[in-house]
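Since the structure comes first, as structure tokens, the remarks are kept for the end.
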Amino acid sequence: MFTTLYGKLASVFIGLFCLLGAGAIVLSLYTTGLYFQEVNQKLNQTLAERIVSEKILMQDGQVNEAAIKEIFHQLMVINPSIEVYLLDATGTILNYSAPPAKVKRPRVSLDPLTRFVSGAQDFPILGDDPRDHHRQKIFSAFPIETLDGSIQGYLYVILGGEEFDSVAQMLEGSYILRVGTWAVVAIVLFALLTGLFTLRLLTRRIRTLAVAMETFKRSDFSEPSALVSPSHVQPGRIQQRDEIDELGQIFSDMADRIHQQIQQLKRTDQLRRELIANVSHDLRTPLTSLQGYLETLSLKEGTLSAEEQRAYLGIAIAHSQQLGHLIAELFELTKLNSQEMRPHLEPFALGELVQDVVQTLTLVAEKRHVHLDMHGPADLPCVSGDIGLIERVLENLIENAIRYTPDGGAVTVSLHLQHEQVMTQISDTGFGIPADDLPHIFDRYYRVGKNQQGRATGAGLGLAITKRILELHGSSIAVQSVVDTGTTFSFHLPVAQSSTIQVTSAASEYVPQA
């Protein structure tokens, strides 16, 4: 029990209430005792004065034994708890009503008596108890004077005697004190039980949160949190949230985030497996072909004609180029995903860059019997970006459009100015992309059109590279496609502002791979 939060809080709570209860009882008894002494002393304040005024206790320094005995007898009958002492002018005890064996002080201090006689009201005033060297008690006192007014002694009356010398005696002798003590104990017990019940209610949500965490841990972080936030219990109504609610909400969000990340890791692992399979296949095919043709050239050396040798060498070179292109794309994507990769932003004319890329790829388009064209206004402002990276984006998108456009089709690159941004569109009249493939075309190693007339090549890294480059520029890429009609890719770049763009002539850290 003491290992739980509730057990520890309950232990502290019980200990604190026990101390408070004991302190309250002790304080109550102490103050009650003082109050009893104060009331008793006030009620009997003139007792010694009345006795002295009625009886002649001393005359010419001599004790009137008969009068003393009579007073002792009367007081013992009326109140046995009262003790009477006759003192001389120095406080020495001359006679007393107590048993001789119990009186231990030969004299008492006169300072409390002097203060009492002077009329001080700060009761209770305590004087020396002749029965004990260290104890003091309430009293009534009055001086015994001679005819000329000089003090020849004091009548010193101890109020209470030994009857209330201990707390147990005081409780035993007072019904009100006993009832009050039990009332204090009952109140403390009730407050303790109420506090423990309240602690139980307050820690219940913490226990629920702990159970949810343990369940989430035992599920190997694969199940989302089952906690329900109080703000979701009654939609549309503002709920008062405390720290435990905030902690529960934070845990729910954290658990959901961990669950999503684990699912993402699983998907990434699946993609990694697919990558290994795809890359292994893509690397194995050109390597096998390359090795086969080179072995053929080696084995049939001297028996092949010059034309056959050139054909074999051409095929081997094509496969080696395909292999080099695949490896270059892998390194390129790895570099783009590194934390150190930062594009060098500078203003440049996007129209001129597009025109250069189109001219470079025109020959490729003509070989495939595809018409490649460009449209855009002549007064387009400069855009901000890394010219080397944007050139790679244009090459990837235009090459893809040419690759998936059938003979006699067309690829068009259009530029438009839209709200301080220049939009670039690459449209084709190709095979289109199936709706099931559209959400995945920018995933790494995902290849579209595997059955489109055998035109799909590579490991599917081109669009992943394109998306990553645009992300580094704070932009995104959109796609619209209709099967057997065509596809349009589009992205935006911000117009360059001279006040915000640092123009630099330094070359970009990124070098597009051939």
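Can you tell me how much longer the chain between Leu9 and Arg204 gets when fully stretched, taken as 0.36 nm per residue apart minus their C-alpha distance, in nm with one decimal?
68.9 nm
I want to check a number: in region 5-180, how many lysine pairs have alpha carbons closer than 29 Å, given a sequence separation of 8 or more or different chains?
Eligible lysine pairs with Cα atoms under 29 Å apart amount to 14.
If you take the C-alpha gyration tensor of region 5-180, multiply each eigenvalue by 5 and take the square root, what semi-axes do you get, largest first, in whole Å? Before the final figure, lay out the partial values.
Details: eigenvalues 332, 49, 40 Å².
For region 5-180, the semi-axes come out at 41, 16, 14 Å.
Percent of Cα-Cα pairs more than 21 Å apart in region 243-336, please. Spell out each step's value before the answer.
On the way: 2575 of 4371 pairs.
The proportion of pairs with Cα distances above 21 Å equals 59 percent.
Compute the distance in nm between two label points, each set 7 Å from the Cα along the Cα-to-Cβ direction, one at Gln291 and one at Gln421.
A separation of 4.9 nm, rounded to one decimal place.
Roughly how many whole Å is it from the C-alpha centroid of region 357-418 to that of region 38-68?
128
Can you give the alpha-carbon Rg of region 338-421 over 2.2 N^0.38 Å, where N counts its residues? All intermediate terms of the calculation are to be shown ahead of the outcome.
Details: Rg = 14.3 Å, N = 84, 2.2 N^0.38 = 11.8 Å.
With N residues counted in region 338-421, Rg over 2.2 N^0.38 Å equals 1.21.
For region 67-168, what is Rg from Cα atoms divided by 2.2 N^0.38 Å, rounded to two decimals? If you can, show how the numbers build up before the last one.
On the way: Rg = 13.4 Å, N = 102, 2.2 N^0.38 = 12.8 Å.
Normalised Cα radius of gyration, region 67-168: 1.05.
Write down the Kirkwood hydrodynamic radius of region 1-82, to one decimal in angstroms, obtained as one divided by the mean of 1/r over all alpha carbon pairs. Walk me through the numbers on the way to the answer.
On the way: mean 1/r = 0.0567 Å⁻¹.
With all distinct Cα pairs of region 1-82 included, I get 17.6 Å.
Which order, highest average first, do 287-300, 135-148 follow once you tally other Cβ atoms within 10 Å for each residue and take the mean per peptide?
On the way: 287-300: 13.6, 135-148: 17.8.
Top of the packing list down: 135-148, 287-300.
Could you rank the peptides 301-310, 431-440 by their average count of other C-beta atoms within 10 Å per residue, with the highest value first?
Working: 301-310: 9.6, 431-440: 14.6.
Put in order of decreasing packing, that is 431-440, 301-310.
Provide, in order from the shortest bin, the percent of all Cα-Cα pairs of region 346-494 in each 10 Å bin, continuing until the bin that contains the maximum pair distance.
11, 44, 36, 9, 0
Order by neighbour count: Ile390, Ile402, Ile56, Ile477, fewest other Cβ atoms within 10 Å first, most last. Walk me through the intermediate numbers first.
Working: Ile390 25, Ile402 22, Ile56 11, Ile477 19.
So the residues, fewest neighbours to most, are Ile56, Ile477, Ile402, Ile390.
Please report Cys18, Cys382 as a ranked list, fewest other C-beta atoms within 10 angstrom at the top and most at the bottom.
Numbers: Cys18 12, Cys382 20.
Taking fewest neighbouring Cβ atoms as first place, the list is Cys18, Cys382.
Since every read-out is calculated from the coordinates, none of them should be taken as a lab result. As the structure is a computational prediction, the values presented were derived from the model and not from experiment. For neighbour counting, all protein chains shown are included, and Cβ atoms are generated from backbone atoms with ideal geometry for every residue, glycine included.
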